[in-house]
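A.B. asks: Before I ask anything, let me first share the structure, which is written out below as C-alpha cells.
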There are 2 protein chains.
Amino acid sequence: MDVKAIIPFKKEGAKSRLGDFFSESEREELALSMLKDVLAALSESKIEEAEIISTGSREGILSEAQLNGAKATLAVSVREDERGLNEVLNEVIAEEKEPVLIIMADVPLTTPESINEIIEHDEEVVIVPGRKGGTNALFLRKPYAFFVSYYGLSFSAHIETAKRRNLSHAVHDSFFISADIDEVEDLIDLLIHGNGFSAEYLRRIGVFIRVDKNSKSRAVVDRRQK
Amino acid sequence: MDVKAIIPFKKEGAKSRLGDFFSESEREELALSMLKDVLAALSESKIEEAEIISTGSREGILSEAQLNGAKATLAVSVREDERGLNEVLNEVIAEEKEPVLIIMADVPLTTPESINEIIEHDEEVVIVPGRKGGTNALFLRKPYAFFVSYYGLSFSAHIETAKRRNLSHAVHDSFFISADIDEVEDLIDLLIHGNGFSAEYLRRIGVFIRVDKNSKSRAVVDRRQK
C-alpha cells in the first residue's frame, strides 16, 4: 500500500502566538525546523512520498533547498496555494484515489513508529488528536470519500464526518503527535522530548527550561540574554 | 505476570489550580471521579489488583464505598499515608518484588488498551510522559531497583535514574495518559474525549466547551449559570 503524506505549511506569519518570545524570523526558522522534523520522521517510516502544501502569499513560499537534511529516503514535492487550509485540502483529497496521511507541520516530536502504527490501522479513517480538540494527523484510506474541517474542534467534526459518511474510524493514541507547538509553554515538551532540528534550534538560540521552585516546581520556559 | 497498580491519590485540597472554576467540594468530587475512571480502565485491562495510596491528613482519606461502580474485576485496596508522594512511593517499591505500574489518579482518559501495551514492553522501566515534563505512569519490572522522583521534571529524572541504575527503559507514547487534568483548559480534552465518570460529572454540573469565533476559533471552557 502506497501512502502519500500531505503536510500543510505556512511560513509567513507562522506561529504568531509565540510572538512574545521570538522575532518574526526566529518564528519562521522554528516553523521550518519543525517541518523538517516531521519530514525526518516520515523519511524513517514506511511512507515514501510527501507533498508539502505551502499556503500564504508568494513571499512566504517554501523553497525545496530549505528542507536540506530532512528527507533522505522520501520524495518531497512542494505545491503552492494561496487559499485557506480546508479549501486546499478538500480539493486535493477529492481527486485522490490512493490513501493519504495529512499531518500537521508543527508536530516535531512525531516518531516513525507512530506513523507506521497509524497507517497499519484497518479502519478507513484514523484520527490522531491534537490537544484541545484538534486533529494533528488524519489517515484516509479513501480520501475522495472524506471532507476535512480544520479549525475549532476539528477532532469532533472529523468523527462526525466519518460517521455520517459510513466510514469506519479509529482514534490513534499518541502523545508525541498530540504535542503541537502553538504557545510558549508547549516548548517545554519540545525541549524535554525533542532531539531533532527544532529542539536543536531552540537550544542554539538559548531557550531553556527553568523549574520554578516557588511555584510548586512547575516548569517554565526561559531564554538566555544574547 | 502479575502486575499491581499503585495509584497515589489526594482528595483533600485536590486540584487547587482548578479553584476559580469549582467549589472545593466540586474539586474533590471531580478528583474522585477521575480516580474512578482510572480504576475502570485498570479493571478492563490485564491488571487485576490496585492499591490506592491515599495521602493527606485523616479527614481527606478515601473510603472504599466512594469507589462504587468502578472496579468490577479489580481487587482494590486503600492504604493511608500522611507523608509526601516520593517518600511513600519509594518505601513501597523498595519492598516490592513483583512488577508494579504506578499511575496517577488524574488521568481519566486512560484506556485499557494503553495499560496493556505499557505492561507488554520488554524493558525494565517504562515511562509514560505527562505534559510539561511529568511522568503520568511508570511501569517497573523490578520496583526494588528503582527510585522515584515526582515533582518538577520527573520525566527526565526517571530516565536518568534508569540509566544510572543500568535498567533498560522505554518511553510509551500515549496522548490519553499524557492528558492529566490540572488546569481549567485541560478540561477541554476531558470533555472532548471522555465518556466516563469525570466527563459525565462535568457535563452534569454544566461545564461545556465554547468555540471562540473572535479568537481564531479557539476552544474555551465555560460553565452554565446555576
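Read-outs throughout are calculated quantities, based only on the coordinates presented, and are distinct from any laboratory measurement. These numbers come from a predicted model, not from an experiment. Don't worry about glycine lacking a Cβ; one is built from the backbone with ideal geometry, like all the others, and counts go over all protein chains shown.
A.B. asks: Which of A:L85, A:L18, A:I103 sits closest to the plus end of the dipole of region A:4-181, meaning its Cα is farthest towards the positive end, when Lys and Arg get +1 and Asp and Glu get -1 on the C-beta?
C.D. replies: Of the options given, the answer is A:L85.
A.B. asks: Moving on to the next point. Checking understanding here: applying a Kyte-Doolittle mean of at least 0.0 and a length along the axis of at least 18 Å (C-alpha), which whole DSSP H helices in chain B pass? Don't jump to the answer; show the numbers that get you there.
C.D. replies: Details: long enough: B:24-43 (28 Å, 0.11).
For chain B, where a helix must reach 18 Å along its axis and average at least 0.0, the hits are B:24-43.
A.B. asks: Would you mind checking the pairs A:K97/B:K213; A:K4/B:K213; A:K4/A:K163 and listing those with alpha carbons more than 26 angstrom apart? Mind dumping the intermediate values first?
C.D. replies: Numbers: A:K97/B:K213 34 Å; A:K4/B:K213 33 Å; A:K4/A:K163 24 Å.
Cα-Cα > 26 Å for A:K97/B:K213; A:K4/B:K213; rest within.
A.B. asks: Further question: Defining a contact as two alpha carbons under 8 Å apart and six or more residues distant in sequence, what relative contact order in percent does chain A show?
C.D. replies: Details: 446 pairs, mean separation 46.1, N = 226.
Relative contact order comes out at 20 percent.
A.B. asks: Using helices alone, I'd like the mean residue ellipticity at 222 nm for the protein assembly as shown: each DSSP H run of four-plus residues gives -39500 (n - 2.57), total over residue count, nearest 500. Don't jump to the answer; show the numbers that get you there.
C.D. replies: On the way: 14 runs with 138 residues, N = 452.
For the protein assembly as shown, the value works out to -9000 deg cm²/dmol.
A.B. asks: Shape call for the protein assembly as shown from the C-alpha gyration tensor, a ≥ b ≥ c root eigenvalues: rounded (a/c under 1.5), prolate (a/b greater than b/c) or oblate?
C.D. replies: Numbers: a/c = 1.65, a/b = 1.54, b/c = 1.08.
Prolate, since a/c reaches 1.5 and a/b exceeds b/c.
A.B. asks: Rounded, prolate or oblate: which fits region B:94-172 when a ≥ b ≥ c are the square roots of the eigenvalues of the alpha-carbon gyration tensor, with rounded for a/c under 1.5 and prolate only if a/b beats b/c? Don't skip to the end; give the middle numbers.
C.D. replies: Values: a/c = 1.58, a/b = 1.15, b/c = 1.37.
Note, shape of region B:94-172 comes out oblate.
A.B. asks: Moving on. Going through region A:95-177, which trypsin sites (Lys or Arg not before Pro) have at most 14 other Cβ atoms within 10 Å and a DSSP loop state? Walk me through the numbers on the way to the answer.
C.D. replies: Working: sites: A:K97, A:R131, A:K132, A:R141, A:K163, A:R164, A:R165; in loops: A:K97, A:R141, A:R165.
Within region A:95-177, the qualifying trypsin sites (Lys or Arg not before Pro) (loop, at most 14 other Cβ atoms within 10 Å) are A:K97, A:R165.
A.B. asks: How far is the Cα center of region A:1-47 from the Cα center of region A:130-176, in Å?
C.D. replies: 20 Å
A.B. asks: Of the residues B:A40, B:A157, B:A105, which exhibits the maximal mean-square fluctuation in a Gaussian network model of chain B defined by a 10 Å Cα contact cut-off?
C.D. replies: Greatest mean-square fluctuation among the candidates belongs to B:A157.
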